[in-house]
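Below you will find the structure I want to go over with you.
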Amino acid sequence: MPFSPPIWFDTLDSTNTVLKEMVVDNSQLPSGTVLATHYQTNGRGRLSRQWQSAPGENLTFSALLRTNIDSLALTSLPLVIGVAIVNALETYNMHGQLKWPNDVLVDHKKIAGVLVELLPSPDGKLANCIIGIGFNINMSLDSANVINQPATSLLIESNQTYAVQLVLDNLLIHLDKAITLWEEKGFAAIKPNWIKHAVSLNTQVTINNTINNITTGIHRGIGPSGEIILEALDGTITTHFCGDLSL
Ligand code: BT5
């Protein structure tokens, strides 16, 4: 799934919001369109949480994917993106960890987050996925410390600054590879790599789903659509397709 050269903006509200508006205005907008900005005034996480990124420090971008993958299998897309980010981190000699469903950590601190949003498809055939990624590149320790969970950046981990635009070009290569493999062979071809980097496998976790149902159990695996599998103390197995995981 090749990406077009990124379109860069100085400031945008949220790259996900703007790309969504572009798709609504132009149903022919090509798959692979990439919007990036040096500063988001209203960067969003899941459930309307805020994505914090100071002007010029980090990578914040969105890409359009039109795919014929069926709607249940689309649940695995954030995990596929996570694997691509981990593969990109390896090129900077960093070991990424994956926290279900959409976080990438280094040394147990969040370095990247993924926000996949789906738009109804006008022809009912291809799903329109907006893939939003926030990736901390030159975030300072001061900026990281004001985030309400442990956060890090390439700079903090390596004591070195990076050209944000080059990091995006590199990441797009890894996204292209992972998404192409997923589209051709399915999530089964990506899952072993996700499991290899899973931060919580075989440890106790708590999942809070979006309607405040809380389940605690041992993280036993990932299902065929990217759902997490938990085993409760009494041996009951439950699967969860969405929610927040606490370690
Ligand atoms: C995410 O949500 O992790 C998805 C973040 C996606 C951001 C990108 S930026 C480009 C595109 N355009 C957008 O508007 N969004 C996407 P979630 O799992 O809900 O995590 C949000 C939580 O991460 C916040 O509540 C904070 O605790 C934490 N957080 C916020 N900013 C952070 C940062 N820069 N680094 C690490 N953690 C952060």
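The values are calculated or read from the model by the stated rules, or taken from the named source; none is laboratory data. On a predicted model such as this, the values are computed, not experimentally measured, just so you know. Glycine also receives a Cβ, built like all others from the backbone with ideal geometry; neighbour counts cover every protein chain displayed. Heads up: the accessible areas ignore ligands, DNA and RNA and are worked out on the full protein's heavy atoms, side chains in. Shrake-Rupley method; radii C 1.70, N 1.55, O 1.52, S 1.80 Å.
Out of the residues in segment 140-156 that are more than 9 Å from the ligand (Cβ to nearest atom) and in contact (Cβ under 8 Å) with a residue 60 or more places away in the chain, which is surrounded by the most Cβ atoms within 10 Å (Cβ to Cβ)?
L154
Would you pick out the residues in segment 14-31 that are more than 13 Å from the ligand (Cβ to nearest atom) and either buried (at least 18 other Cβ atoms within 10 Å of the Cβ) or of a type in the set (F, W, Y) (or both)?
Once the filter is applied, which keeps residues that are more than 13 Å from the ligand (Cβ to nearest atom) and either buried (at least 18 other Cβ atoms within 10 Å of the Cβ) or of a type in the set (F, W, Y) (or both), segment 14-31 yields only V23.
Tell me yes or no: at least one residue of segment 118-133 is without any contact (Cβ under 8 Å) to a residue 60 or more places away in the chain, over 28 Å from R220 (Cα atoms), hydroxyl-bearing (S, T, Y) and surrounded by 12 or more Cβ atoms within 10 Å (Cβ to Cβ).
Within segment 118-133, one or more residues are without any contact (Cβ under 8 Å) to a residue 60 or more places away in the chain, over 28 Å from R220 (Cα atoms), hydroxyl-bearing (S, T, Y) and surrounded by 12 or more Cβ atoms within 10 Å (Cβ to Cβ).
Something else: If we only count strands (runs of 3 or more DSSP E) wholly inside segment 95-164, which ones have 1 or more residues that are at pLDDT below 95?
Working: elements: 96-99, 103-106, 109-119, 127-135.
Counting at least 1 such residues, we get 109-119, 127-135.
Continuing with this model, one more query. Out of curiosity, is I137 touching a residue at least 60 places away in the same chain (Cβ under 8 Å), in contact with a Lys or Arg (Cβ under 6 Å, 6 or more places away or on another chain) and either within 22 Å of K20 (Cβ to Cβ) or more than 9 Å from the ligand (Cβ to nearest atom) (or both)? Break it down into steps so the answer makes sense when it comes.
Details: touching a residue at least 60 places away in the same chain (Cβ under 8 Å): yes; in contact with a Lys or Arg (Cβ under 6 Å, 6 or more places away or on another chain): no; either within 22 Å of K20 (Cβ to Cβ) or more than 9 Å from the ligand (Cβ to nearest atom) (or both): yes.
No.
Here's a follow-up. Determine, yes or no, whether T11 is within 16 Å of the ligand (Cβ to nearest atom), open to solvent by less than 60 Å² (accessible area, probe 1.4 Å) and in contact with a strand residue (DSSP E or B) (Cβ under 9 Å, 6 or more places away or on another chain).
So T11 fails the test.
Can you pull out every residue in segment 36-89 that is assigned to a loop (DSSP other than H, G, I, E, B), within 22 Å of E21 (Cα to Cα) and more than 9 Å from the ligand (Cβ to nearest atom)?
T41, N68, S71
Here are some residues: L79, L35. Which one is within 25 Å of T210 (Cα to Cα), in contact (Cβ under 8 Å) with a residue 24 or more places away in the chain and touching a Pro at 6+ places or on another chain (Cβ under 8 Å)?
L79
Report, by residue number, each residue of segment 39-65 that is out of contact with any His (no Cβ under 7 Å at 6 or more places or on another chain) and open to solvent by 60 Å² or more (accessible area, probe 1.4 Å).
Of the residues in segment 39-65, the ones out of contact with any His (no Cβ under 7 Å at 6 or more places or on another chain) are 39-54, 57-65.
Listed by number, the residues that qualify are Y39, T41, N42, R44, R46, L47, S48, R49, Q50, Q52.
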